[in-house]
Each structure stands twice: as C-alpha cells, then as structure tokens.
Amino acid sequence: MPCPILRWRWQLFNQAGREVLDFEATSLCDLAGAVQTANPASR
C-alpha cells in the first residue's frame, strides 16, 4: 500500500496585506501500521 503524503501550508498576512508567515509542513502517514494497531486480531 502506498504511503500517503500530506502537505500543509499556512500563510499569515498583517492588516497591511504583507505576508508575515509562510509555513509549509509535510506529513508521511503509515496507514498499514494504523490498521494493525486498530485491529490486533489481523496480525
């Protein structure tokens, strides 16, 4: 099963319209591990 990759981006602007924050994060999700944890009988 492929590992989904989620990319998050937050941008914050002040009242003058100038960008004061530009933050980007990447999350790697292990869905196979989550399924095994949620259902121990499947092991």
If you stretched the chain out fully between residue 5 and residue 21, how much longer would it get, using 0.36 nm times the residue separation minus the C-alpha to C-alpha distance? 3.5 nm
At 0.36 nm per residue, and after removing the present C-alpha to C-alpha distance, how many nm does the segment from residue 14 to residue 28 gain when stretched out fully? 1.9 nm
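No value in this document is a laboratory result; all are computed from the given coordinates. Quantities reported herein were computed from a predicted structural model and do not represent experimental measurements.
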